[in-house]
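Peer 1: Before I ask anything, let me first share the structure, which is written out below as structure tokens.
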Amino acid sequence: MIKSILPLSSIIALRFFGLFIVLPVLSVYAINLYGATTTLVGVVVGGYALTQMIFQVPFGIMSDKLGRKGTIITGLILFGIGSIFCAIADDILLLMLGRFLQGAGAIGAVVTATISDLVKEEQRPKAMATMGMAIGMSFAASMILGPTISSFAGVESLFYLTAVIAFGSIFILIKFVPNPPQIIHSNPTDKQLIQVLTNKNLIKMNITNFLQKGLMTFAFMIIPMVLINNFQWQMSDLWKVYLPAMIFGVLAMAPAAILAEKKGKFKEILAVGIVFFAISYLLIGLSSTSLVFVIGVVIFFIGFNMHEPIMQSLASKFAKVHQRGLVLGIFNAHGYLGTFIGGVLGGVFFEKVSLSSLVMVIAVICIIWIILILTMPNPSKKKTLYVPLTTQSEDKSKNLDKISEIDEWYINDTEQTIVIKYDSELIEEDMILNTLRP
């Protein structure tokens, strides 16, 4: 598993690192470009998310039908080209175009689906947690390196760095990532968009991703501006807020992932993270000193990093194998829509509405959000049975459709096995095996 997951986790982590590394300084950099307004700066901060949202589902569907690797390579090329446009931009509109191109390489859901393809069901929680931890670590590292590198090499250097990361990730993909197995699902015709969009648990996860990412982008919109404009900090001082945020955020990741994956406390971890969001925004919006403001920022990143290792994993648990690209595409599309709206609303309201009023509204939203999460069940533990694919077992496999206790089954043509996911509390393994015997 490690040989498959580490290269893919590094690719997605590096890509997120390339997106995250500019966030701590992007708003104060963009506002000084020709033609900039706070609204346009908000679009630049969250602009990549708009095209991410648009292309998530098409990329997910394309990967399901045409293959994962080629789809990922296409996305990385678009991301690299967009990064170069951002690096050479000398006005706000060209920077905005580059950000849109960066986002057009919407491969997050495809990488997640590829991980799901390459690992067995019982190893998937660990694989998803590994990917989530990698993303969280890249997020934490970018909070420190972004302000540090840009303070002496300029923000443009960050975009050149992301271009190198994008093209380097293509090499990692080709060299170290194996091809996903060929899957033949038991009921491929049931993959309908309406099915996925009306799944109650997926709806709640999509809303969660939307709100979480929206609050993140809004935070990045206001944190550097408030520190520089209200508390007279310099850009080179921003590491003083992001360093403790990174440290405490990283420390929160492992316990959150263990409690969720090992103990099945997914919704409880999400609810605690949302409580931290509410507290953090109240401290940020009502602070009269930079110390209180920094404490609020640290609490926000603790909540964010509690969510990050488990979000993709939890969403994938509500998806069938032949729907993962579509489900995760829609899930990530909601997250990127939240990212875009968070940046835009931050730009629109930053100068028109008091920050104290905005954080009160956010606190109320968080309360409603917690109630929504608590109505969602934690995923029940399932078992997976692997049966060698023979002529007899293949002929009898259609009998599996008659067993209601089986969640799904499919044929892994590459490994010549029938994979059966079932509820072990309702049916015994021998009963399933008997249906496949002559």
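The values are calculated or read from the model by the stated rules, or taken from the named source; none is laboratory data. Please read these numbers as outputs of a predicted model, since none were measured by experiment. Virtual Cβ from ideal backbone geometry, glycine too; neighbours counted across all protein chains shown. The accessibility values were calculated without ligands, DNA or RNA, using every heavy atom of the protein model including side chains. Shrake-Rupley method; radii C 1.70, N 1.55, O 1.52, S 1.80 Å.
Peer 1: If I compute solvent accessible area with a 1.4 Å probe over the protein chains, what percent of it on the chain is carbon and sulfur? Intermediate values should be presented prior to the final figure.
Peer 2: On the way: 11630 of 17620 Å².
It is 66 percent, rounded to a whole number.
Peer 1: Sticking with this structure for a sec: Sorted by average packing, counted as other Cβ atoms within 10 angstrom per residue and highest first, what order do 232-238, 72-78 take? Display every interim value, and only then the final one.
Peer 2: On the way: 232-238: 14.9, 72-78: 21.3.
Ranking, from highest mean packing down: 72-78, 232-238.
Peer 1: Counting only residues 5 or more places away or on other chains, whose amide H sits under 5 Å from the amide H of T417 once H atoms are built in the peptide plane?
Peer 2: L389, N412
Peer 1: Here's a follow-up. Quick check: the distance between the Cα centres of segment 1-70 and segment 370-438, to the nearest angstrom?
Peer 2: Measuring centre to centre over Cα atoms gives 36 Å.
Peer 1: When ligands, DNA and RNA are left out and all protein chains stay put, how many square angstrom of accessible area per residue does the chain have with a 1.4 Å probe?
Peer 2: Result: 40 Å² per residue.
Peer 1: Helix by helix, which DSSP H runs in the chain go 15 Å or more along their axis at the Cα atoms and have an average Kyte-Doolittle hydropathy of 1.0 or more?
Peer 2: On the way: long enough: 2-20 (26 Å, 1.61); 38-66 (41 Å, 1.06); 68-88 (31 Å, 1.54); 92-104 (18 Å, 1.63); 108-118 (16 Å, 1.29); 124-153 (42 Å, 0.86); 155-176 (31 Å, 1.87); 200-229 (43 Å, 0.90); 239-261 (32 Å, 1.43); 266-286 (31 Å, 2.06); 290-317 (41 Å, 1.31); 324-349 (37 Å, 1.18); 355-374 (29 Å, 3.15).
Both cut-offs are met by 2-20, 38-66, 68-88, 92-104, 108-118, 155-176, 239-261, 266-286, 290-317, 324-349, 355-374.
Peer 1: Within 10 Å, count the other beta carbons around each residue, average over each peptide in 419-425, 273-279, and list them highest first. Could the numbers behind the result be given before it?
Peer 2: Details: 419-425: 17.6, 273-279: 21.9.
The most tightly packed comes first, giving 273-279, 419-425.
Peer 1: Tally Lys/Arg at +1 and Asp/Glu at -1 over every other residue whose Cβ is under 15 Å from the Cβ of L33; what's the total?
Peer 2: Details: positive: R99; negative: D90, D91, E156.
In short, -2.
Peer 1: If you don't mind, there's one more thing I want to ask. What are the aspartates and glutamates whose alpha-carbon lies under 20 Å from the alpha-carbon of K262, with same-chain residues fewer than 8 places away excluded?
Peer 2: Cα-Cα hits under 20 Å: E121, E122, E308, D423, E425.
Peer 1: Oh, and also: Which of these values of P(r) over Cα pairs in 10 Å bins from 0, in percent was calculated from the structure shown: [x] 5, 23, 35, 26, 10, 2, 0; [y] 4, 16, 21, 19, 15, 10, 8, 5, 2, 0; [z] 5, 22, 31, 24, 11, 5, 2, 0?
Peer 2: [z]
Peer 1: Now, a different point. Using label points projected 7 Å from each Cα along Cα→Cβ, tell me how many nm separate D407 and N229, to one decimal.
Peer 2: 4.8
Peer 1: Which of the lysines could be linked to K396 by a straight reach, that is with a Cα gap under 30 Å, when you skip same-chain ones fewer than 8 residues away?
Peer 2: K65, K120, K191, K317, K320, K381, K382, K383, K421
Peer 1: Tell me the label-point distance for the pair E394, S288, using the 7 Å Cα-to-Cβ offset, in nm and rounded to one decimal.
Peer 2: Using points 7 Å along Cα→Cβ, the separation is 7.7 nm.
Peer 1: Among N305, S424, T384, pick out the residue whose Cα is farthest towards the positive end of the charge dipole of segment 289-438, where Lys and Arg carry +1 and Asp and Glu carry -1 on C-beta, about the Cα centre.
Peer 2: Most positive-ward Cα: N305.
Peer 1: Mind ranking 152-158, 292-298, 18-24 by how tightly packed they are, going by the mean number of other C-beta atoms within 10 angstrom, highest first? Provide the component values of the computation, followed by the final result.
Peer 2: Working: 152-158: 15.7, 292-298: 20.6, 18-24: 25.0.
Result, highest mean first: 18-24, 292-298, 152-158.
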